[in-house]
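**Q** First the structure, which I've put down as structure tokens, then a few questions once you've had a look.
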Amino acid sequence: MATSGIINGTKFGIYEDSKLIAYATSGSISINHSSRETSNKEDLGWKTVMEGQRDWEISCEGMVAFLDLDGGAIAGSTVDEIFTTYITTRGTYTISFESSETGDKKWSGKGYISSISVDAPNEESSTYSVSFTGTAALTQATV
């Protein structure tokens, strides 16, 4: 059953080819609809527009880890796996932004990684940021 009321952000995850991105601390989706200008001299100086192209991006931030706390394999995709799988091969992937609750919504599509960065501050946890840029349609479905 879908979540009622305001949804706790912890319920949302970013999935890469159906595999949760490991140690994520935040995630976001941005869906844009650009307009195209249609202004002409008959518009009396007012700008007019029509629909244009749509695009989307999913981004994620998290903690860097190569092994889990027990020294074993991590269940989700790590930042180094994402780099190896997609940046070096220039491959596409299926990425989704979805709730863990049955009945809630999810958004998914094919895309490319547009950026990965790792931050390693002195005496603090190392973190990463990754952005995925969609190529073609973004679909919305129910979990």
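**Q** What is the mean projected area of the alpha carbon convex hull for region 9-89, to one decimal in square nanometres?
**A** 8.7
**Q** At 1.4 Å probe size, with every protein chain present, just tell me what the per residue accessible area of the chain comes to in Å².
**A** 66
**Q** Would you please give the residues with an amide H less than 5 Å from that of residue 64, counting only those at least 5 places away or on a separate chain, with H modeled from the backbone geometry?
**A** Hits under the 5 Å cutoff: 126, 127, 128.
**Q** Nearest 0.05, what FRET efficiency do residue 104 and residue 19 give at R0 = 22 Å with Cβ-Cβ as r?
**A** 0.70
**Q** Another one. Starting at the first residue of region 100-105, write each ³J(HN,Hα) from the Karplus equation 6.51 cos²θ - 1.76 cosθ + 1.60 with θ = phi - 60°, in whole Hz, x for Gly and Pro.
**A** In residue order, the calculated couplings are 8, 9, 4, x, 7, 9 Hz.
**Q** Want the number for residue 68 to residue 125: 0.36 nm per residue separation, take away the alpha-carbon distance, what's left?
**A** Fully extending the segment from residue 68 to residue 125 adds 19.1 nm.
**Q** Whose amide H sits under 5 Å from the amide H of residue 20, counting only residues 5 or more places off or on another chain, with H placed in the peptide plane?
**A** Placed amide hydrogens put 77 under 5 Å from residue 20.
**Q** Also, I was wondering about something else. To the nearest 20 debye, what charge dipole does the chain have about its Cα centre, counting +1 at the Cβ of each Lys and Arg and -1 at the Cβ of each Asp and Glu?
**A** Using Cβ point charges on Lys, Arg, Asp and Glu, the chain gives about 600 debye.
**Q** Exactly which chymotrypsin sites (Phe, Trp or Tyr not before Pro) in region 66-128 are in a DSSP loop and have at most 16 other Cβ atoms within 10 Å?
**A** Within region 66-128, the qualifying chymotrypsin sites (Phe, Trp or Tyr not before Pro) (loop, at most 16 other Cβ atoms within 10 Å) are 66.
**Q** Further question on the same structure: Using just the helices of the chain, give the 222 nm mean residue ellipticity in deg cm²/dmol: DSSP H runs with n ≥ 4 each add -39,500 (n - 2.57), and the total is spread over all residues, rounded to 500.
**A** -500 deg cm²/dmol
**Q** May I ask you to evaluate 6.51 cos²θ - 1.76 cosθ + 1.60, the Karplus curve with θ = phi - 60°, for each residue of region 55-69 and list the ³J(HN,Hα) values in order in whole Hz, giving x for glycine and proline?
**A** Listing the rounded values in order: 8, 8, 8, 10, 10, 8, 10, x, 8, 7, 8, 9, 9, 6, 4 Hz.
**Q** If I compute solvent accessible area with a 1.4 Å probe over the protein chains, what percent of it on region 73-143 is carbon and sulfur?
**A** 49
**Q** At each listed q (0.08, 0.11, 0.17, 0.22 Å⁻¹), what is the log10 of I(q)/I(0) that the Debye formula gives for the chain modelled as equal alpha-carbon point scatterers?
**A** With no solvent term, the Cα-only Debye profile gives -0.30, -0.51, -0.97, -1.36.
**Q** For residue 3, list long-range residues whose amide hydrogen, built 1.01 Å from N in the peptide plane, is under 5 Å from its own amide hydrogen.
**A** Correct list: 104.
**Q** Per-residue HN-Hα couplings for region 74-80, Karplus 6.51 cos²θ - 1.76 cosθ + 1.60 at θ = phi - 60°, whole Hz, x for Gly and Pro?
**A** Taking θ as phi minus 60°, the curve returns 8, 5, x, 6, 8, 4, 5 Hz for region 74-80.
The values are calculated or read from the model by the stated rules, or taken from the named source; none is laboratory data. Not measured: the values here are computed from a predicted model. Backbone-built Cβ (ideal geometry, glycine too); neighbour counts: all protein chains shown. Ligands, DNA and RNA are excluded from the accessible area calculation, which covers all protein heavy atoms including side chains. Shrake-Rupley method; radii C 1.70, N 1.55, O 1.52, S 1.80 Å.
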